[in-house]
Every structure is written in C-alpha cells, then in structure tokens.
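Let me begin by presenting the structure, written as structure tokens, before commenting on it.
Bear in mind that the values in this text are calculations on the coordinates, not laboratory data. Because the structure is predicted, anything quoted here is derived from the model rather than measured. Reconstructed Cβ throughout: ideal geometry from the backbone, glycine too, with neighbour counts over all protein chains shown.
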Amino acid sequence: MTTPSIQVELSPSVQYLLRLGDTALILGQRLGEWCGHAPVLEEDIALANIALDLIGQARTLLTRAGELEGQGHDEDQLAFLREERDYRNATIVELPHSGAAGESRDFAFTVLRNAMMATWFRLMWERLRESSDAELAAIAGKAVKEARYHQQHSADWVVRLGDGTDESARRMRAALDTLWRYAPELFESDAVDASAAANGLGPRWDSLREPWLAEMRELLADANLDVPADSAFRSTGKTGVHTEHMGYILADMQHLQRAYPGGVW
Amino acid sequence: MIDMDTAVIESASARVQRAWQVLHTVLDPEVPVLSVCDLGIVRDVLAAGDGVEVVLTPTYSGCPATEVIEQAVIDAIDAAGLGPTRITVQRAPAWTTDWISDEGRRKLREYGIAPPACASQPSRAAGASAPIRLVARTKAPAIECPRCGSATTERLSAFGSTACKALYRCLACREPFEHFKPI
C-alpha cells in the first residue's frame, strides 16, 4: 500500500454523481464475484454482462464527477484511490451475496437485489435523460436501455424463484427480508439531491419512491411474495458511512493500484 | 489565391472521402465481418488541420471493444497517410441497433448471427418510459434462424459471448446461433 489516497472536493453536484457512479461501481464489483460460480453457465454470462454494463456506466459517471470537481481526478483515481468514507454508494449494493443459511453466495439474494436495483436505475436514468448537464443526459440515454434489459432479466428470475419450489421460495423470502430494509435509503432526499434538483442536474431521490414501489409490488405479487412491512432501520452508505463489508470490497478493488501505482493493462 | 483555396478545400474533402473508404475496412473485433461503418458507430468524419477527426458513438457503456476500435480507427487512417487522426466520442443520441446498415445485417446473417429487429418502438422513440412486463418467461418475438430461415427458434440465454448478443437455437435445423439484441 504505497499510493496515497486522493482527497475529493465534495460539492453537492460531485456528491450526486459519486452516489450514482459508486452505486453502479460497487454493484458491478459484487456481481463480478459470481464469475465462474453461477448455478448455470447462462447465468454466469448474464451476471458478468450486467456487471460489465454497470462498470461501464460507473466509468462514465466517475469521469464526469472528476470533470465537475475540476481537480484533475480521472475515473481510475476516483475508483481506486479514495478512502472508504469518500465512497457514496447506497449500502444495499455493498452487502455480500450471503444466504440465510450462511452460504457465501445465494443466487436468490443476487437476483432480488438486481431486480430492485435495475428497477431503481431504470427509473433514475429515465429522469436523468432530462438532466441540465448534457453529458449526464447522454450517459443516461445509453444506460437506460441497458437497465431495461437488466430489469427484465432479473425480474424474470424473481418470479421463477419466488413462485417456484418450496426451497426457492424460502430463499427468496429470506432475501427479501434481508434486502427490503435497505431500500429506503434509495428514496431519501437530503441537501445533495435538493441541490441537484434545483440546478436541474437530476431528480430528488424521494421522487422515485412511488413509481419504484408500484413496480416492485407488481413484481412481488407475480412472484407470490409478500411485500415486507416497513422498518425504522436506515442505512447511510450514500453519506459515506458504510457497513463492515465495504472495507473488504475496497481492499479487493484497490489492491493492484495501491501496490503498483498507475499500473495499466 | 482563389485557386489555392479551392485546392485546399478539395484536398480536405478528398481526405474525408478517403477516410470513409478506410473506415469501411476497419472491423469490429468482436463481430469481425462488420465494419465500424456497417455497425453505425461512425457518426461523422471531418477534416481537422492536416488530418481528420472521426466522431464515434459507443455501443454499450461497458463494451470492452470500444478502446480497441478507437485505436484500430487511428491506426488504419494513419497507415493510409491521412492522419493525424483525432477521435471524438459523441454519446448523444445513444447508439441503437437501428443504425446497423442493411449491408451489415446481410453480413451478420451470413456470419451466422441473427440481425436485430427494429428497436425504436413508438413509445420509446417519443422518450416515454417503456412499460416492462414483469411476467415470468416473457415471450420474445420470433427470431429467424440465420442458417435455415426457420422462425421456430428458442432463446437459450438472454446474454451471450458479448454484451450485444443473446444465444438461441433453431428447432428446425437444430443449430445454435447468436442474435444481435435490438437496443
């Protein structure tokens, strides 16, 4: 660990973009963990492809965040050289794929999170196409098509597993119990998105709550799953306060750049 | 002077024209029968100083071929003596498979890849949010087998060897094939 961390000037606009970019980046990193381990080859390919799209989206978002910050930070520096507290992803994407029975990777958990996140991203990208920032609007115009495909694919699995065998339904219910309480963070507004809404950069996150809930309720009904009760728990990843899992992801992600500063393929 | 200016203009437009010809020979590394022009990612070619500027639109956000293609374009145009070459990335409007040329579609079919159907449904073109059918095993439109032409095919996998493709098999000739997804 020889490369020093960078300090990012966190204006509201930069934070808004980092929240989006880091959420895509960390989910992409998590999905990459399935490579070579998925239950069937087709899903191995699917998860790797979705991860690739998410990391591609993260690259463009982090690049734009660096441009708005104006300190010369590029996508690689932002992805690999920040301290944990400077990552602004929603907590839900950093959770490991663990199943209720202690499996290190539970496919039910993965497809449910993907469905929740793809639905959220699709709604977000649709709104961001109207961004006052032409570059962000252009990124959204491309990403919305990718998110739509991710949503269809993962929703399909939620229905198959939720309305499947006793075992698959049990796993989906357990995954839903774990994940649902992390959803509210995706729909809470604060000074960062109030600022973005005021200058037209992007929507307030709370404006996505109702459309997201409507789609998730329909999906869960098709999957024969009950919508869990609301919980008072609130996760805080987008303000930089993460779970204990985040440090391990960053250690994995950052190791090469820290050990071999500026290393490229 | 007037003659010289005309000569400069003519040489610039000739350079652009020759650059287009060169671009028709630059192939997509992941579908090496399609040129970057067939793929529809070359949005413009402009004379820039003594060289040319090529405006490219990326296909997928995470497509690992993007940088390879950019370098291949630079190498090909420089090798033809038309450089220096500058690449400008233009993200809007977003690339769609509707920009794949008829020639490109023919080449895809001959290569064994079913070309994409029209992606621009009216609701999407208008910018409205497209309804998503959250129903198990969404019935996809029939994809014709690129080998025997049968429409009796089934999807094996929504994702394929690259971001832009899905896997199918033909129930008539029993051959597996790839389908270029419409986006």
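Structure notes:
- Interchain or long-range residues, amide H under 5 Å from residue A:6's placed H: A:82, A:83
- For the residues of A:142-148, the average number of beta carbons from a partner chain within 10 Å of their own beta carbon is 6.
- Estimated vicinal HN-Hα couplings, Hz - the range B:15-31 in sequence order (Karplus 6.51, -1.76, 1.60; Gly, Pro = x): 5, 4, 5, 5, 4, 4, 4, 5, 4, 5, 9, 8, 9, 5, x, 8, 10
- Global geometry of the protein assembly as shown, whether rounded, prolate or oblate, following the gyration tensor of its Cα atoms and the 1.5 cut on a/c: oblate
- Note on residue A:40 and residue B:147: with the Förster distance fixed at 25 Å, the Cβ-Cβ geometry gives a FRET efficiency of about 0.50.
- Averaged over B:153-165, number of beta-carbon atoms from partner chains that fall within 10 Å: 4
- Residues whose placed amide H lies under 5 Å from that of residue B:87, excluding near-sequence neighbours: B:54
- When each of the peptides B:78-90, B:161-173, A:8-20 is scored by how many other beta carbons lie within 10 Å of its residues on average, the order from highest to lowest is A:8-20, B:161-173, B:78-90.
- Max mean-square fluctuation residue, GNM over chain A, Cα-Cα springs under 10 Å, options A:197, A:51, A:79: A:197
- Positive minus negative residues near residue B:167 (Lys, Arg vs Asp, Glu; Cβ under 9 Å): +1
- Derived scalar couplings between HN and Hα for the range A:27-41 equal 5, x, 4, 4, 5, x, 5, 7, 4, x, 10, 5, x, 9, 4 Hz in order, rounded to whole Hz, by the Karplus curve 6.51 cos²θ - 1.76 cosθ + 1.60 (θ = phi - 60°), x for Gly and Pro.
- Loop-resident sites, the range A:45-107, for trypsin sites (Lys or Arg not before Pro), counting at most 16 other Cβ within 10 Å (DSSP): A:105
- For residue A:145, the aspartates and glutamates whose Cα comes closer than 14 Å to its Cα, not counting residues fewer than 8 places off in the same chain, are A:53, A:126, B:98.
- Largest GNM mean-square fluctuation across A:210, A:146, A:126, computed for chain A with C-alpha springs under 10 Å, falls on A:210.
- Cut-off 13 Å between beta-carbons: net charge of the residues surrounding residue B:147, Lys and Arg +1, Asp and Glu -1: -1
- In order through the range A:8-18: 3J(HN,Hα) via Karplus (6.51 cos²θ - 1.76 cosθ + 1.60), integer Hz, x for Gly, Pro: 9, 7, 8, 5, x, 5, 5, 4, 4, 6, 5
- Taking chain A and dividing mean pair separation by its residue count, relative contact order in percent (alpha carbons under 8 Å, at least six apart): 26
- Overall form of the range B:1-114 per C-alpha gyration tensor (a/c, 1.5; a/b vs b/c): prolate
- Taking amide H as placed 1.01 Å from N in the peptide plane, residue A:201 has its amide H under 5 Å from the amide H of A:132, each at least 5 places away in sequence or on another chain.
- What separates the Cα centres of the range A:1-46 and the range A:186-237 is a distance of 20 Å.
- In terms of its alpha-carbon gyration tensor, the range A:73-153 comes out oblate; a/c meets the 1.5 threshold, while b/c is at least as large as a/b.
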